[in-house]
Amino acid sequence: MAETDLPRTSHLMLMGIAMIVIGVMAIATPAVAGTAVVYVIGALLLIAGVIEFIQGLRTEGWTSKIFPSILGLVTAICGVAVLAHPLLGLTYLTLVLAAYFVVGGIWKIVTTFSYRGVTGWPLMLISGIVSLVLGILIWRQWPVSGLWAVGILVGVDLLMTGVAMIGLGIDVRRFKRMTSRGAHPAA
C-alpha cells in the first residue's frame with residue numbers, strides 16, 4: 001500500500017477523540033442520546049417514505065403504482081408518528097433491540113458449539129451469553145429500559161469506534177515512519 005493511499009493520521013486521531021467524547025456524553029445522558037437516535041430514524045423513515053411514494057407514482061400502469069405508493073405513504077406516516085412521539089418510538093425501538101439481543105445471543109450460543117475445535121470458541125460463547133443476558137435485562141425492564149438502553153448502547157459503540165480509530169491512527173503513523181525510513185513492514 002502506498003503512503004499516499006493511507007489516511008492522514010491527524011484526521012483519524014481527531015475523529016477518534018470526537019467519537020470518544022460523543023460516546024461518553026451519550027453514556028452519561030442515555031435518554032437524550034436515545035431520543036436523538038429516534039429522531040434520526042423518524043426522519044429517515046419520512047424521507048424514505050416520500051421518495052418511495054414519488055417513485056411509485058412515476059411508474060407505468062396503476063397496478064405498478066398502487067403498492068409502492070401505499071408502502072411509501074405508510075412509511076412516511078410512520079416517520080411522522082415517530083417524530084411526533086419520540087419517547088413512544090424509543091420505547092418500541094428498545095423492544096426491538098431486546099428481541100435482537102435475545103435472538104442474537106441464542107444464535108451465538110448454539111453456533112459456538114460447531115466451532116469447539118477452534119481456539120477462540122469460548123469468546124464467542126461468552127459473547128452469546130452477554131447478548132442473551134443483555135436482551136433479557138432490557139426485556140424485563142421494558143418500557144423503562146427505553147430511557148437508557150438505546151443511548152448507552154449507541155454511546156458504547158461510539159466510544160469503542162473512537163478508541164479503534166485512535167489505534168488505527170497510531171498504527172498508520174508507525175507504518176508511515178517505517179516506510180519513510182526504507183524499512184518494509186511484515187505482511
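For the reader, a short list of remarks on this structure follows.
- Leading residue by the ranking (modelled with the lowest pLDDT) among those in the stretch 7-27 that are of a type in the set (Val, Ile, Thr) and buried (at least 18 other Cβ atoms within 10 Å of the Cβ): THR9
- When residues of the stretch 71-80 are limited to those that are surrounded by fewer than 19 Cβ atoms within 10 Å (Cβ to Cβ) and touching a residue at least 24 places away in the same chain (Cβ under 8 Å), the one farthest from ALA33 (Cα to Cα): LEU73
- Filter pass, ALA99 being of a type in the set (Gly, Ala, Ser), at pLDDT 85 or above, under 16 Å from the mean Cα position of the chain (by Cα) and under 25 Å from VAL163 (Cα atoms): no
- Taken over the stretch 92-115, residues that are crowded, with 19+ Cβ neighbours inside 10 Å and either charged (D, E, K, R) or in contact with a Pro (Cβ under 6 Å, 6 or more places away or on another chain) (or both) amount to 0.
- Extreme residue, nearest to the chain's Cα centre (by Cα), among residues of the stretch 43-59 that are among the small types (Gly, Ala, Ser) and closer than 20 Å to TYR92 by Cα: ALA43
- Residues in the stretch 60-70 that are surrounded by fewer than 15 Cβ atoms within 10 Å (Cβ to Cβ) and either among the hydrophobic types (A, V, I, L, M, F, W, C) or within 28 Å of the chain's Cα centre (by Cα) (or both) were compared, and the one that is nearest to GLY42 (Cα to Cα) is ILE70.
- Check on VAL40, free of Cβ contacts under 8 Å to residues at least 12 places away in the same chain, within 19 Å of the chain's Cα centre (by Cα), closer than 30 Å to VAL133 by Cβ and in a helix (DSSP H, G or I): yes
- Among (1) in a helix (DSSP H, G or I); (2) free of Cβ contacts under 8 Å to residues at least 12 places away in the same chain - the single one ILE47 does not satisfy: (2)
The values are calculated or read from the model by the stated rules, or taken from the named source; none is laboratory data. This one's a predicted model, so the numbers in the text were calculated from it and none came from an experiment. Please note: Cβ atoms are built from the backbone with ideal geometry, for glycine as well, and neighbour counts cover all protein chains shown.
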